[in-house]
Amino acid sequence: MTELLGGLLAVITLESMSAMLMGTAAGILVGAIPGLTATLAMALLLPFTYAMDPFISLGMMAGIYNGSMFGGAIPAILMKIPGTPSAVATVFDGNPLAASGRAKFAIHVALCSSSAGSVISAIALMLLAPPLVELALKFGPVEYFWIAIFGMTSVSLLLASAPAKGLASALIGIAVGIVGMDMISGAERLVFDVRSVAGGINIAVLLTGLFAIPPALAMLDAHSRKLGDVAISGQGITIKDALYLVKTWLRSGLIGVFVGVMPGAGGNLAGILSYAEEKRAAKDSSLFGKGDPRGVAASECGNNADNASSLIPTLALGVPGNSVAALMMGAMLIQGLNPGPALFTQSGDVVYGFMWQMLITAFLMLAIGFVGTGLFVRMLKVPTGLLAPMILVVCSIGTYTASNNIADVWIMLVVGVCAFLLSRSGYPIAPIVLGAILGPMAETSFRQSVLISRGDPLAFFASPISIVLVTLIAAVLLFPLWRWFRQSRA
């Protein structure tokens, strides 16, 4: 309780509140434009965080994360185009509501539901992360080795439609992660006489290239979409409407939190599962798909409840479960903060302050959404083709400013082009990030374990925690085979 109070006092400053306000507004704007996502916005911000205070950089990222998830509902409702992948289920009832002349009501339902989901998620982060840290304090090198393997395999297999390509992406990430000098032997690895990478590839450069450049290149190759003439009229949400949706918010919020903790699941799965469960639990489900506000509420609350809860394993164990968590982890590493159990003892004010920022931005999103709905709708008129050059310029300026090294700009562009080609070929990008972050962690933990156990292989299966983790890894590896077997029988 003392740590939580200290974190709250640390973030209630003019600078921190301004950062959260700007981040939330920017997140809604980004989410409202089809093709732009939270990962893109956070990747653009990442190189600029070198000169920022931790509370400012993390506050802006918290606002972008929460705000963009709601912003994706705006084009889903008005254009039948999900602004973010997490808003897919919002289309089912949001667009019929808009078509019937209740667009304002539908957007307000999405806004209140997104805020409710974010609040539930932030509370879950505050309640679940500290106990997980207590468990993580019992971890040794062996347990961290298995944790790293579990994180890479689960995200690689669960995110990819083709498991082999998911594992290949993870291996590419591991190869990228070990570039540079071996910290134990001092030997250079995969440098190929390129002195710019002798010290390793900068995490901010890597994340910016992976998540900011491919969307920009995709925009250049796609046709721009505009909203056209859509009137945001009609009555908005009332207190009676909100009270009617409370049960939906609680049910969908719990589903979103559960999905968020699972590595590799993501807000799109949380939204779809919440929608399906709400439809199943309804006494009369005939209105779903025709403009039932419960469908919008379930989808938006579920995908937003995934936000802060997906950061639980990142903060407590140092293991990012998705691409957004990896970007958050990258922002912390830039600030000299190492996510994991030590973070709670060494920088408790920062980690607990960040938890409060995830909660505060949920309420800021509610206020900004009600005031600026008309502005966010107008953003849909911006041709996406004009955004691509702007993104490329901002990426280049931010990367160069962070290091004053033009070589980092070229590395970012090469990484971005390679990521674009890989994604076009069906290779997921998230496992590359996980491999780059968790690969070196797995290597170091493995070598430490071998030294401590003097080469005894049974030491990797000696503790109950190791056995549980190995069992989970085996289940994840067998899941694609089970899915293939079930589909072949069907």
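We did not get these values from a lab; they are worked out from the coordinates using the rules stated. All values reported here derive from a predicted model rather than from experimental measurement. Note: ideal-geometry Cβ built from the backbone for every residue, glycine included; neighbour counts use all protein chains shown.
The label-point distance for residue 4 and residue 404, in a model that sets each label 7 Å from Cα toward Cβ, rounds to 4.5 nm. Residues whose amide H lies under 5 Å from that of residue 102, counting only those 5 or more places away or on a different chain, are absent; hydrogens are built 1.01 Å from N in the peptide plane.
The H on the amide N of residue 319, modeled in the peptide plane, is under 5 Å from the matching H of 314, each at least 5 residues off or on a different chain.
Note on residue 99 and residue 193: their simple-model spin labels are 6.4 nm apart, each label 7 Å out from Cα toward Cβ.
Per-peptide packing, taken as the mean over residues of other Cβ atoms within 10 Å, places 107-120, 88-101 in the sequence 107-120, 88-101 from highest down.
Sorting 182, 306 from the fewest to the most surrounding beta carbons within 10 angstrom yields 182, 306.
With a simple spin-label model that places each label point 7 Å from the Cα along the Cα-to-Cβ direction, the separation between residue 417 and residue 349 comes to 4.6 nm. Give, as ranges by residue number, the residues of the range 339-361 whose backbone N falls under 19 Å from the point 7 Å along Cα→Cβ of residue 137. Taking a point 7 Å out along Cα→Cβ of residue 137, the residues of the range 339-361 whose backbone N falls under 19 Å are 339-353.
So what's the back-of-envelope 222 nm ellipticity for the chain, counting only DSSP H runs of four-plus at -39500 (n - 2.57) apiece and dividing by all residues, rounded to 500?
The helix-only estimate for the chain comes to -24000 deg cm²/dmol at 222 nm.
Would you mind checking the range 471-490 for residues with the amide N under 17 Å from a putative spin-label position 7 Å along Cα→C-beta of residue 453? 471-474, by backbone N distance to the label point.
For a quick check: sort 486, 424 by the number of other beta carbons within 10 angstrom, fewest at the front.
Exposure proxy ranking, most exposed first: 486, 424.
For the range 436-490 and the range 171-202, compute the distance between their C-alpha centroids and round to whole Å. Using only Cα atoms to place each centre, the spacing works out to 25 Å. Shape of the range 304-407 from the C-alpha gyration tensor: oblate (a/c of 1.5 or more and a/b not above b/c, with a ≥ b ≥ c the square roots of its eigenvalues). Between the range 23-75 and the range 237-308, the C-alpha centres lie 23 angstrom from each other. Between residue 386 and residue 235, the FRET efficiency from the beta-carbon distance, with R0 = 41 Å, is close to 0.75. Note on the chain: dipole from Cβ charges, positive end direction compared against 242, 37, 315; the farthest Cα belongs to 242. Measuring against 29 Å, Cα to Cα, the residue pairs 80/240; 104/247; 165/279; 80/247 contain 165/279 as the ones spanning a longer distance. Just tell me, in residue order, which DSSP H segments of the chain are both 30 angstrom or longer along the helix axis (alpha-carbon based) and at least -1.0 in mean Kyte-Doolittle hydropathy. Span-like helices here: 103-136, 348-378, 430-453, 464-489. Neighbour counts of C-beta atoms inside 10 Å place 314, 238 in the sequence 238, 314, starting with the fewest. Packing here is the average count of other Cβ atoms within 10 Å per residue, and on that basis the peptides 462-469, 279-286, highest first, run 462-469, 279-286. Our coupling estimate for the range 284-289, obtained by passing each phi through the Karplus curve with A = 6.51, B = -1.76, C = 1.60 and θ = phi - 60°, is 10, 9, 5, 7, 5, x Hz, Gly and Pro reported as x.
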